[in-house]
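Reviewing the structure listed below.
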Amino acid sequence: MKILVTGGTGYIGSHTCIELINNGYEVIIIDNFYNSNIEVLNRIKKITNKTITFYQTDLLNKESIEKIFYQHNINAVIHFAGYKAVGESVHKPLEYYHNNITGTLNLCDVMRKNDVKNLIFSSSATVYGDAAQIPITEKCPKGTATNPYGWTKWMLEQMLTDLCTADPDWNIILLRYFNPIGAHKSGLIGEDPNGIPNNLLPYIAQVAIGKLKSVGVFGNDYNTPDGTGIRDYIHVLDLAVGHVKAIKKLLDQPGITAYNLGTGRGYSVLQVIAAFENACGHKIPYNIQPRRTGDVAVCYANCDKAKVELNWEAQFGIDEMCADSWNWQVKNPNGYTL
Ligand code: WQD
């Protein structure tokens, strides 16, 4: 089976491509390297000993996407490509709505024209907003996003739902990631954010390796045991396996459905810092900062639906996530920049 992976050289995309290859799928990647690096292709080859068919383009170049579908008999698409920085989206809403929504609409139109109607969409727990119930199940109503990035995920889920209502031949799975962290066991691929990391884990890792001075903890006055924000961190390898399980499910499940991909456990910022200190073997300096606008206090998943319907459950705990992140950071102090 031939799977087109948009954004396949990105953090989650690259780990998923390796899992797809290991499960016997033929993978085609399209990426524009907006938030990734061509070096990832070399690393995937090192890990899998396979050369992936790759096209450097993006979904806003609809003609180039049409050519790819013309050249390849694609069976399904896993769609990662999209801008994903929460803070950046607040300052660049037009770019985020155009890139994420127009890009997805282009992709779906080309898929429709080629009668390819199997799609896995990279969504996010951010669609729940400040969730009405914790742990969060898929039945929890979608909330109010707190930033344009979150709204693009929220709106695209609605657009894909409407597409399935209009044309029941579509099979779509929405995968709502909680907080992906960690790296491949080889340390050859991992998270390599552009510039100063927005997310907690890469920021901690760069403090641990000495690139940054101290972790700013965004608020310690939340209604949580230690006052800091709680999130459901999930190993990127577990996330990759979840995508392969979803591909298998997609082909025998008509319509659209959503699955939470998390661990069902929440960890606070201070707990994550402590876990990373265990992984790297030394203290990590931090300082308490004011809360970050848009943050919720607590967010973690109930993943029973994925366990039952996808036969999927996260296998790795926070210690292994931190150890694998640290292994990647030590082996790649400057990420993919050689
Ligand atoms: C985690 C916790 C912060 C940085 C977002 C998106 C989600 C997904 C992951 C894309 C919070 C605290 C963070 C720092 C801190 N993105 N924090 N100091 O905001 O839960 O989720 O990123 O796919 O869709 O919504 O992740 O890692 O930014 O924050 O104290 O320097 O760490 O307040 O409690 P978040 P995060």
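The values are calculated or read from the model by the stated rules, or taken from the named source; none is laboratory data. No experiment lies behind these values; they were computed from the predicted model shown. When we count neighbours, we look across all protein chains shown, and the Cβ atoms used for this are built from the backbone with ideal geometry, even at glycine. The area values use the complete protein model at the heavy-atom level, side chains included, leaving out ligands, DNA and RNA. Shrake-Rupley method; radii C 1.70, N 1.55, O 1.52, S 1.80 Å.
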*asked:* Taking 8 Å as the Cα distance limit and 6 or more residues as the minimum spacing, I'd like the relative contact order of region 64-179 as a percentage.
replied: 32 percent
*Would you kindly derive the ³J(HN,Hα) couplings of region 125-136 from the backbone phi angles with the Karplus curve 6.51 cos²θ - 1.76 cosθ + 1.60 (θ = phi - 60°), listing them in order in whole Hz, with x for Gly and Pro?*
4, 5, 5, 7, x, 8, 4, 6, 9, 10, x, 8
*Would you mind computing the Rg to Rh ratio of region 213-282 from its alpha-carbon coordinates, Kirkwood style for Rh?*
1.14
*Percent breakdown of C-alpha pair distances by 10 Å bin, ordered from the shortest bin, for region 1-125*: 13, 47, 33, 8, 0
*Quote the accessible area belonging to Arg292 in square angstrom, nearest 10, computed with a 1.4 Å probe and with ligands, DNA and RNA left uncounted.*
100 Å²
*asked:* At a 10 angstrom cut-off on C-beta neighbours, averaged per residue, how do the peptides 220-227, 18-25 rank from highest to lowest?
replied: 18-25, 220-227
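Can you list the trypsin sites (Lys or Arg not before Pro) in region 90-144 that are in a DSSP coil and have 11 or fewer other beta carbons within 10 angstrom?
Of the trypsin sites (Lys or Arg not before Pro), the ones in loops of region 90-144 whose Cβ has at most 11 other Cβ atoms within 10 Å are Lys139.
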*Can you pull the accessible area of Asp304 for me, 1.4 Å probe, Å² to the nearest 10?*
90 Å²
*Given the rule -39500 (n - 2.57) for each run of at least 4 DSSP H residues, summed and divided by the residues of the chain, what is its mean residue ellipticity at 222 nm, to the nearest 500 deg cm²/dmol?*
-11500 deg cm²/dmol
*Solvent-accessible area of Ile288 with every protein chain in place, 1.4 Å probe, in Å² to the nearest 10*: 80 Å²
*May I ask you to give the solvent-accessible area per residue for the chain, in square angstrom, as obtained with a 1.4 angstrom probe?*
43 Å²
*Just how far, in whole angstrom, is region 279-321 from region 51-95 if you go by their alpha carbon centroids?*
27 Å
*Carbon and sulfur: what percent of region 34-176's accessible surface (1.4 Å probe)?*
52 percent
*Provide Ser14, Ser36 ordered by accessible surface of protein heavy atoms (probe 1.4 Å), highest first.*
Ser36, Ser14
_I'd like the distance between the alpha-carbon centres of region 224-245 and region 171-213, rounded to an integer number of Å._
12 Å
*Between Asn311 and Asn194, what is the label-to-label distance in nm when each label sits 7 Å out along the Cα-to-Cβ direction?*
4.1 nm
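Stretched out fully, how many nm does the piece from His98 to Asp167 gain, at 0.36 nm a residue minus the Cα gap?
Between His98 and Asp167, full extension yields 22.4 nm more.
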*PRE reach from His91 (point 7 Å along Cα→Cβ): which of region 284-298 fall under 18 Å by backbone N?*
292-295
_Taking 45 Å as R0, compute the FRET efficiency from the Cβ-Cβ separation of Thr337 and Lys139 and round it to 0.05._
0.55
*asked:* Please list, in order along region 149-157, the HN-Hα scalar couplings obtained from phi with the Karplus expression 6.51 cos²θ - 1.76 cosθ + 1.60 (θ = phi - 60°), rounded to whole Hz, x for Gly and Pro.
replied: 4, x, 5, 5, 5, 4, 5, 5, 4
*Quick one: order Asp324, Asp295 from most to least accessible surface, probe 1.4 Å.*
Asp295, Asp324
_How large is the Kirkwood hydrodynamic radius of the chain, counting all unique pairs of alpha carbons, in Å?_
20.2 Å
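Rounded to the nearest 0.05, what FRET efficiency do Asn49 and Asn114 have when you use their Cβ-Cβ distance and R0 = 45 Å?
0.90
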